Amino acid sequence: MKIAIDGPAGAGKSTIAKKVAREIGAIYVDTGAMYRAMGIFMLKKGISAEDGEAIAEASREADISIIYKDGGQHVILNGEDVTGDLRHEEVGAMASCVAKHGAVRAKLVDLQRAMAQKSSVVMDGRDIGTVVLPDAELKIYLDASADVRAKRRFLELEEKGEDHDTLDAIRADIVARDEQDKNREISPLIQADDAVYLDTSDLTIDQVTEKICELARKRSEKEAKF
Ligand code: DC
């Protein structure tokens, strides 16, 4: 079974997708992590976020692969495990910039499709239901208000004891990221016609997970009948 979960940053995609994958015995694929790895590669090379030509050119040298170790997804960039660096704010911002480019997307979409061919997956991102897995048995569009998403991110950083911006600055970053991801020319973040829309603003992680698992069960029962 293939489940596609798309939506804006901070809607709870990765936490929920991970739980759903565990429940249904599928592999969780975090495609944002691949764009983030590409962002790390560009930052390391000192390439400007504005220099589209250099990004497209350099992306050919970035060898990104995914391995599963200790129950988690690890991202390997040219032989180095960069998993620990993926969540930095500057990496997220660079990921959103590199994700605008067709050369980067083509390379990563190939990798994502190859993973979905090998096993059952719960894959999250921005274009999974629309571009990567248009034939997914279940598509979910997870959303939440910008206020709720900013608050979640703020609390997450507080809990980790990491240095962070004010709530307002985090909210502004989230809104800017949404703008960029929703308005880019290639594969923008958009709800697939056949996706189920779920607003997680007033729901717990467990409630959303349960809802998706229930939808997945119904879909697989339906498939089994045919
Ligand atoms: O989900 P995330 O915050 O880890 O994603 C980082 C960036 O990567 C996000 O701003 C947009 C981009 N992305 C994308 O364009 N397509 C995907 N399938 C996943 C992520």
Can you pull out the GluC sites (Glu not before Pro) in the stretch 136-226 that DSSP calls coil and that have at most 10 other Cβ atoms within 10 Å?
-> GLU185
Sorted largest first, extent of the stretch 41-89 alpha carbons per principal axis (Å) = 37, 23, 12
Unit charges on C-beta of K, R, D, E only; dipole of the chain, Debye = 820 debye
Find the Rg to Rh ratio for the chain, where Rh is the Kirkwood radius over alpha-carbon pairs and Rg uses the same atoms.
-> 0.95
Dipole magnitude of the stretch 1-87 about its Cα centre (Cβ charges: Lys, Arg +1; Asp, Glu -1), debye to nearest 20 = 500 debye
Treat the count of other C-beta atoms within 10 Å as a stand-in for reagent exposure and order PHE41, PHE154 from fewest to most.
-> PHE154, PHE41
Residue among THR200, THR31, THR166 with the largest mean-square fluctuation in a Gaussian network model of the chain, springs linking Cα atoms under 10 Å | THR166
Net length gained if the chain between LYS69 and THR15 were fully extended (0.36 nm per residue, minus Cα distance) | 17.7 nm
Among ALA169, ALA99, ALA136, whose mean-square fluctuation peaks in a Gaussian network model of the chain (Cα, cutoff 10 Å)?
-> ALA169
Of the residues GLY92, GLY102, GLY84, which exhibits the maximal mean-square fluctuation in a Gaussian network model of the chain defined by a 10 Å Cα contact cut-off?
-> GLY84
In the stretch 172-226, with Lys and Arg counted as +1 and Asp and Glu as -1 at Cβ, which of these residues, CYS213, THR200, VAL175, has the Cα nearest the positive end of the dipole, that is, farthest along it?
-> CYS213
Using unit Cβ charges (K, R positive; D, E negative) and no other charged atoms, how large, in debye to the nearest 20, is the dipole of the stretch 82-194 about its Cα centre?
-> 400 debye
For the chain, what relative contact order do you get, as a whole percent, if you take Cα pairs closer than 8 Å and at least 6 residues apart?
-> 33 percent
How big, on average over all directions, is the shadow cast by the Cα convex hull of the stretch 113-226, in nm²?
-> 9.0 nm²
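Since every read-out is calculated from the coordinates, none of them should be taken as a lab result. Computed from a prediction, not measured in an experiment: that's the story for all the values here. All Cβ positions, even for glycine, are placed from backbone atoms using ideal geometry, and neighbour counts span all protein chains on display.
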